[in-house]
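This is the structure I want to talk about, given as structure tokens.
The values are calculated or read from the model by the stated rules, or taken from the named source; none is laboratory data. Everything numeric here is computed off the predicted structure, so don't read it as measured data. Using ideal geometry, Cβ is built from the backbone for each residue, glycine included, and neighbour counts are taken over all protein chains shown.
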């Protein structure tokens, strides 16, 4: 991804063409709050944070949040939302593949960022996610299901995701995924909580 991609996403925000925006936090994050699977105080990264509803929800619950997006309008929206709520988070306007945090995160909240990337960049992105997490870190992953060719959003086939997030590096849960409806249409997401398996 480079400057042309930056201009594409920024243009969509400027035009108000943000059909991916749910307008509220994802039901998956609410589920993980309700089941206490995330703990206040954890350092959380949200790549492709958009307008940042999850950033605000996590910050409000005492998480140390870093929000990453390549569109300046998205980061500006997060900044405004945090100011209105009297909250703080670290905001980073950057290409995903240029981002190099100084320390690992306890949790990465990956909500439909992968499905927005060109398919040929998926392996690079998986490497980023793995490197950004601490050992035994948690990846909260919402897997977009479109049943269609092309994108974005690009369909994230379950079998493809099992290969991409190999069990050599990621521990998959034994229970079924969370079903996450989209606001309109036939698309939906499947929510998983994966654990990184880094060598000690």
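Please determine, by comparing only the residues of the range 59-102 that are within 11 Å of residue 48 (Cα to Cα) and in a helix (DSSP H, G or I), which one is nearest to the chain's Cα centre (by Cα).
Top of the filtered list is 96.
Can I ask one more? Being assigned to a strand (DSSP E or B) and surrounded by fewer than 18 Cβ atoms within 10 Å (Cβ to Cβ) is the filter here; which residues of the range 122-144 pass it?
If the condition is that a residue be assigned to a strand (DSSP E or B) and surrounded by fewer than 18 Cβ atoms within 10 Å (Cβ to Cβ), then 134, 135, 136 are the ones that fit.
Are any residues in the range 177-200 under 26 Å from residue 128 (Cα atoms) and modelled with pLDDT under 80, and if so, which ones?
Passing the criteria: 198, 199, 200.
For every residue, the table says whether it meets (1) surrounded by 12 or more Cβ atoms within 10 Å (Cβ to Cβ); (2) within 27 Å of residue 188 (Cα to Cα).
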| site | (1), (2) |
| --- | --- |
| 89 | yes, no |
| 103 | no, no |
| 108 | yes, yes |
| 113 | yes, yes |
| 169 | yes, yes |
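Table: residues versus (1) at pLDDT below 95; (2) farther than 16 Å from residue 193 by Cα.
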{"position": "62", "(1), (2)": "no, yes"}
{"position": "77", "(1), (2)": "yes, yes"}
{"position": "86", "(1), (2)": "no, yes"}
{"position": "108", "(1), (2)": "no, no"}
{"position": "115", "(1), (2)": "yes, yes"}
{"position": "124", "(1), (2)": "no, yes"}
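Could you count how many residues in the range 149-165 are loosely packed, with under 12 Cβ neighbours inside 10 Å and in a loop (DSSP other than H, G, I, E, B)?
Selection size over the range 149-165: 2.
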